[in-house]
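Trainee: Quick one: this structure, given as structure tokens, is what I'll be asking you about.
Every number here is computed from the coordinates shown, using simple stated rules; none is lab data. Since the model is a prediction, treat every value here as computed from it, not as a measurement. Every residue, glycine as well, gets a Cβ built from its backbone with ideal geometry; the counts of neighbours run over all protein chains shown.
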Amino acid sequence: MAAKLKKGDKVVVLAGKDKGKEGTIASVDPKAGKAVVDGINMAIRHTRQSQTSQGGRLPKAMPIDLSNLAFVDANGKPTRVGFKMEGDKKVRYAKTTGDVIDA
């Protein structure tokens, strides 16, 4: 299945402890159906000190399920993403406004 959400997309969280927060997708794992969003679903990871890193308690963004994310359209509202053919090219578009996301 084609990716409806991609790296760099601005999204809003629909469910979970961070519901309503917005962020940008840092990475997507299509096989697991999860994405890492900057500043969302943060957890504290304890790391040991080494010669290269300080160590201690470091906050880290954990993956969140793609079904709990929605693309933010030009109006700043959450929308679903669809696909349509524009000429001979397949493009993503916002279902609320009909605007093409990536031309």
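Trainee: Kirkwood hydrodynamic radius, the chain, all distinct C-alpha pairs: what's the number in Å?
Mentor: Taking the inverse mean of 1/r over all distinct Cα pairs, the chain comes out at 15.1 Å.
Trainee: Rank R80, R92, R48 by mean-square fluctuation in a GNM of the chain with C-alpha springs under 10 angstrom and give only the top-ranked residue.
Mentor: Evaluated over the chain, the most mobile residue of the options is R48.
Trainee: Among L5, S27, T79, whose Cα lies farthest out toward the positive end of the dipole of the chain, if unit charges sit on the beta carbon of Lys, Arg (+1) and Asp, Glu (-1)?
Mentor: Result: S27.
Trainee: I would also like to ask the following. Out of residues 5 or more away from I64 or on other chains, whose amide H comes under 5 Å of its own, with H placed 1.01 Å from N in the peptide plane?
Mentor: Residues meeting the amide H criterion: A35, V36, V37.
Trainee: Still on this structure: Using amide H atoms built in the peptide plane, which far-off residues or other-chain residues are under 5 Å from T96 H to H?
Mentor: R80
Trainee: Just grab the label-to-label distance for D65 and K19, each label 7 Å out from Cα along the Cβ direction, in nm (one decimal).
Mentor: Using points 7 Å along Cα→Cβ, the separation is 1.4 nm.
Trainee: With a point put 7 Å past each Cα toward its Cβ, work out how far D102 is from A74 in nm, to one decimal.
Mentor: Output for this residue pair reads 1.9 nm.
Trainee: When the Karplus curve 6.51 cos²θ - 1.76 cosθ + 1.60 is applied with θ = phi - 60°, which whole-Hz ³J(HN,Hα) does each residue of the range 9-17 get, with x for Gly and Pro?
Mentor: With the stated coefficients, the range 9-17 comes to 6, 8, 10, 10, 7, 8, 8, x, 5 Hz.
Trainee: Give me a comma-separated list of calculated 3J(HN,Hα) values for the range 89-101, in order, Karplus coefficients 6.51, -1.76, 1.60 applied at θ = phi - 60°, integers in Hz, x for any Gly or Pro.
Mentor: 10, 8, 10, 8, 9, 7, 6, 6, 9, x, 6, 6, 7
Trainee: Quick one: which of 8-15, 20-27 comes out on top by average Cβ neighbours within 10 Å, and what's the full order, highest first?
Mentor: So the peptides 8-15, 20-27, ranked by packing, come out 8-15, 20-27.
Trainee: Another question, if that's okay. Using each residue's phi in the range 19-27, evaluate 6.51 cos²θ - 1.76 cosθ + 1.60 at θ = phi - 60° and report the 3J(HN,Hα) Karplus result to the nearest Hz, with x for Gly and Pro.
Mentor: 4, x, 7, 10, x, 10, 5, 8, 7
Trainee: What's the extension gain from M85 to S27 if we count 0.36 nm per residue and subtract their Cα-Cα distance?
Mentor: Extending this stretch completely gives an extra 18.3 nm.
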